[in-house]
Amino acid sequence: NLLVSSLFAMLLREILSSDGIISEGPYISMSDSFEKDRSIKQLTNENILCMSMNKISDLHPQRSLYKHQCEAVEKATSGKNLVVTTGTGSGKTECFLIPIINQLMKEKENGTLDSGVRALLVYPMNALVNDQIRRLREMFANYPDKDITFAKFTGETKETYKDAKKQYEDIEDSEDSPLWENELISREQMRNTPPNILITNYAMLEYMLLRPGDN
């Protein structure tokens, strides 16, 4: 039995040491970078975007956008509908977020910006909603004005500001992610002064449209 066990062990070591049995070698995948175009600053100089867009440092106004981002911005700001399909990591969020913020900035410049939903961002899962709300927090963290507001409304959203603030502090690191005046965090806040950008999911959107207190 000992001899048989030793034989099997030797055969096993021999098989496992063969290439491709446990794992393959490293793969290298190469793809061309996305084509670059103008920056936000250049688009403001061309009057495609309003000058206030240069105040949002997190958008890096001096950095060149991808060509498909510029095309999306130009079409959206000219009042056209659009569908964006492009690869992972190519900045799809900016394709719709830049035109939305630009429209809000234009309203602010014209003195017509008040509370009320101007943009509705709908995601299939709460995880994606939470990713987007963090993106907006980062974007407006260093923005000097607090007129533009945003919020997420999901099943996780608390009714009162007190409960929502406690939930926020329990989940987020309050030192790294302090509550910003631009963000509404409770349902009562959103009913009293609806945010300009509302982020939600399909199920909650249906509830909001049906409930008299929310519609």
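What's the whole-number percent of alpha carbon pairs in the range 16-89 lying beyond 16 angstrom? It would help to have the intermediate numbers written out before the result.
Working: 1702 of 2701 pairs.
When all Cα pairs of the range 16-89 are counted, 63 percent exceed 16 Å.
Name the residue from VAL73, GLY91, SER18 whose Cα lies farthest towards the positive end of the charge dipole of the chain, charges +1 on Cβ of Lys and Arg and -1 on Cβ of Asp and Glu.
Ranked along the dipole, the leading option is VAL73.
Can you give the Rg and Dmax of the range 1-157 based on its C-alpha atoms, in angstrom?
Rg then Dmax for the range 1-157, in Å: 25.4, 90.
Which of the GluC sites (Glu not before Pro) across the range 97-166 are loop residues per DSSP, with 13 or fewer other Cβ within 10 Å?
Numbers: sites: GLU107, GLU109, GLU138, GLU156, GLU159; in loops: GLU156, GLU159.
Hits after loop and neighbour filter: GLU156, GLU159.
How much length is gained if the chain between PHE34 and THR160 is pulled fully straight, taking 0.36 nm per residue apart and subtracting their Cα-Cα distance, in nm to one decimal?
My answer for the length gained is 40.9 nm.
Using all alpha carbons of the range 66-215, what is the percent of pairwise distances in each 5 Å bin, ordered from the shortest bin to the longest?
2, 8, 17, 21, 21, 17, 10, 4, 1
For all pairs of alpha-carbon atoms in the range 54-147, what percent lies in each bin of width 10 Å, listed from the first bin to the last filled one?
Cα pair-distance distribution for the range 54-147, in percent: 13, 45, 37, 4.
Scanning the chain for helices, which whole DSSP H stretches are 20 Å or more long along the axis (Cα) and average -1.0 or more by Kyte-Doolittle?
Within the chain the helices that satisfy the rule are 2-16, 92-110, 126-140.
Along the range 147-153, what does the Karplus equation 6.51 cos²θ - 1.76 cosθ + 1.60 (θ = phi - 60°) give for ³J(HN,Hα), rounded to whole Hz, x for Gly and Pro?
6, 7, 10, 8, 6, 10, 10
Treating only the Cβ of Lys, Arg, Asp and Glu as charged (+1, +1, -1, -1), what charge dipole size does the chain show about its Cα centre? Round to the nearest 20 debye. Intermediate results must be reported in sequence, preceding the final value.
Numbers: 25 positive and 32 negative charges, 106 e Å.
The dipole magnitude comes to about 520 debye.
Could you please put VAL73, VAL122 in sequence from largest to smallest accessible area, using a 1.4 Å probe?
Working: VAL73 0, VAL122 50 Å².
Largest accessible area first, the list is VAL122, VAL73.
The values are calculated or read from the model by the stated rules, or taken from the named source; none is laboratory data. Keep in mind that this is a model prediction, so the values were computed, not measured. Backbone-built Cβ (ideal geometry, glycine too); neighbour counts: all protein chains shown. Heavy atoms of the whole protein, side chains included, go into the accessibility calculation; ligands, DNA and RNA do not. Shrake-Rupley method; radii C 1.70, N 1.55, O 1.52, S 1.80 Å.
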